[in-house]
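S.K.: Sending over a structure as structure tokens; questions will come in a sec.
Bear in mind these aren't lab numbers, they're just calculated from the coordinates by the rules spelled out. No experiment lies behind these values; they were computed from the predicted model shown. Don't worry about glycine lacking a Cβ; one is built from the backbone with ideal geometry, like all the others, and counts go over all protein chains shown.
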């Protein structure tokens, strides 16, 4: 009976596989039954086959929408090697090649045609395709519909027109990285809610998850790679410049490393990608321009020297490791500077305010994952709607990260959330805790709450970190409608009643305890601090005070200058941690004092 199943025959005869992976047959049966499908499958689970097999079973023409030219060309090349008539029409090909490809499509020779959304959604292309026997439409990397935003790739949003132009053609959208909100977004925009959604699991248990504070990223990276000497890996960097610097640094230290970013020539990128795909023991140092569609089974690790943009991006990128099912490792360096850069990227994006708000909330979720003391796999899978037991294969489970009891601080936060009606985001809750009489606080009468001012013992970054960890731990829930409000979960109420505790992650310099360990007398007198630096800071304070015609202590107190001299902050994030530095003074005086500290350091 099985031998007569057309999709199994195609699977074996064309692609050489004896059986389907979990979930593939269900997706194919829905498509072959004429139904629209949204398929969310883990990386390496064989998403492409979910539409390639039905395309060959159904006959006619299948249109595949893909976001990247390189990805399209790789898929077409692979299909042709399998004996499948596949083509792509794209901007990287000359006119003659594109015309020849179209002639094959129009004559009925081509079974799968790969197009970018920008080329597909032109009136000329849509009109031409509507005259052909289109049997299936597949949208690869469908999370781009939700996450890239209409300002960046407006044609992705325009794909919603396809169901009207081809009313009797089943459409499949596939992705590995869609949380519940993104799935809802895709279902609404692309299918007007009329779609069969199949979520086939996200867990990749063979990948060890670990995050460490960023200190010296080059040294940390080299030390990590030395543990995996001679193995293939992918190193992700935030910028093109850093990508090249890291690759050169590794080469200098005896590691076979190649760079890959969008600023390189097409020929150079292809040469490096080919070397990585064909040789063993090669390390690819890349921006996010590299990786979509990469299926190299023996990648032993993915290392992030900088924080990615979201938990979805992180999940997709680490999924390029361990595709052979063997032990693999995903390691990320996490620093405060990364957060600032990611915020700037979002704010500078040419996108609607609501899209930016969602991007900031996604970033908050990723930060919570980085800071959590819980099992990382539990938090990661929980974000995608899956429950899991502690995995025993992440840094937190393996006790590499010390923890401390933050139940008292957590109850302080939860009280403020409850008293303000479970309708406000982290920023407003923290304003209540710190006793800030902002316009929003006063307009709602929240200065009268008993929780107002109860958080004065800690500064804003501490409370923000704790709120993120409470969200990551499932004690607080973000507003499902996406408006940024926080609500208390059942587990959160249990914490309020003292039935459960809240353990937070302790970093090397723990924000909740480091201040308690310092000597109050030394802080007050300046004993033991660098006297010339303190003198320079006092001179700068005096000059700034005179310019503003205010007493020197109004700029900063002696205690603040002493703390500054002890810490010697090197950037604005570190400066914000100095005792007595609030948001306004950070903005007004931060750069001037950082410059003075840097000058003293280099003197």
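S.K.: Under the definition of Cα pairs under 8 Å and six or more residues apart, what whole-number percent is the relative contact order of segment 80-150?
M.R.: On the way: 38 pairs, mean separation 19.8, N = 71.
Dividing the mean separation by the residue count of segment 80-150 yields 28 percent.
S.K.: Label segment 207-335 by shape, choosing from rounded, prolate and oblate, from the square roots a ≥ b ≥ c of the eigenvalues of the Cα gyration tensor; if a/c is under 1.5 it is rounded, and otherwise prolate applies when a/b is larger than b/c, oblate when it is not.
M.R.: Rounded is the answer for segment 207-335, as its axis ratio a/c remains below 1.5.
S.K.: Under a plain spin-label model, where a point goes 7 Å from the Cα along Cα-to-Cβ, how far apart in nm are residue 408 and residue 133?
M.R.: Label at residue 408, label at residue 133, 7.6 nm between them.
S.K.: So in the chain, what percent of DSSP beta bridges are antiparallel if you round to the nearest 5?
M.R.: Counting DSSP beta bridges with both partners in the chain, the antiparallel share is about 10 percent.
S.K.: Give me the percent relative contact order of the chain, please, defined on Cα pairs under 8 angstrom at least 6 residues apart.
M.R.: Details: 944 pairs, mean separation 61.0, N = 603.
Value for the chain: 10 percent.
S.K.: Decide, for segment 403-514, between rounded, prolate and oblate: order the square roots of the alpha carbon gyration tensor eigenvalues as a ≥ b ≥ c, take rounded if a/c falls under 1.5, and otherwise choose prolate if a/b is larger than b/c, else oblate.
M.R.: Oblate shape, in that a/c is at least 1.5 and b/c is the bigger or equal ratio.
S.K.: Let me ask you something else. Which of the peptides 308-319, 88-99 is most tightly packed, and how do the rest follow, judged by the mean count of other Cβ atoms within 10 Å per residue?
M.R.: The most tightly packed comes first, giving 308-319, 88-99.
S.K.: Still on this structure: Kindly list the residues of segment 215-245 that lie in the label zone of residue 288, defined by a backbone N under 14 Å from the point 7 Å along the Cα-to-C-beta vector.
M.R.: 236-240
S.K.: Next up: Taking 0.36 nm per intervening residue step and subtracting the Cα-Cα distance, what contour gain separates residue 418 from residue 584 on full extension? If you can, show how the numbers build up before the last one.
M.R.: Values: separation 166, 0.36 × 166 = 59.76 nm, distance 2.83 nm.
Extra length from residue 418 to residue 584 when fully extended: 56.9 nm.
S.K.: Out of (1) 51; (2) 68; (3) 55, which label holds the value of percent of Cα pairs over 32 Å apart that was computed here?
M.R.: After the calculation, the listed value that fits is (3).
S.K.: Another question, if that's okay. Taking R0 as 41 Å, what's the FRET efficiency between residue 77 and residue 493 from their Cβ-Cβ distance, rounded to 0.05?
M.R.: Step by step, r from the Cβ atoms, then E = 0.15.
S.K.: Neighbour counts of other C-beta atoms within 10 Å: give me 120, 344, 540 arranged from fewest to most.
M.R.: 344, 540, 120
S.K.: Obtain the nm distance between the two label points defined at residue 387 and residue 106 by a simple spin-label model: each point lies 7 Å from its Cα along the Cα-to-C-beta direction.
M.R.: 5.8 nm
S.K.: If you count, for each residue, the other Cβ atoms within 10 Å and average over each peptide, how do 281-290, 100-109 line up from highest to lowest? The partial results should precede the final answer.
M.R.: Numbers: 281-290: 21.7, 100-109: 14.4.
The packing order, highest mean first, is 281-290, 100-109.
S.K.: What is the packing order of peptides 591-601, 122-132, 175-185, 369-379, taking the mean over residues of other C-beta atoms within 10 Å and listing the highest first?
M.R.: 369-379, 175-185, 591-601, 122-132
S.K.: Let me ask something else. On a 0 to 90° scale, report how tilted helix 583-602 is relative to the longest principal axis of the chain, with both axes built from alpha carbons and the result rounded to the nearest 10.
M.R.: 80 degrees
S.K.: Decide, for segment 380-460, between rounded, prolate and oblate: order the square roots of the alpha carbon gyration tensor eigenvalues as a ≥ b ≥ c, take rounded if a/c falls under 1.5, and otherwise choose prolate if a/b is larger than b/c, else oblate.
M.R.: Prolate, because a/c is 1.5 or more and a/b exceeds b/c.
S.K.: Right, another one. Take 199, 27, 57 and order them by how many other Cβ atoms sit within 10 Å, fewest up front.
M.R.: With the fewest neighbours first, 199, 27, 57 line up as 199, 57, 27.
S.K.: What is the distance, in nm, between label points placed 7 Å from the Cα along the Cα-to-Cβ direction at residue 262 and at residue 69?
M.R.: Rounded to a tenth, the inter-label distance reads 1.3 nm.
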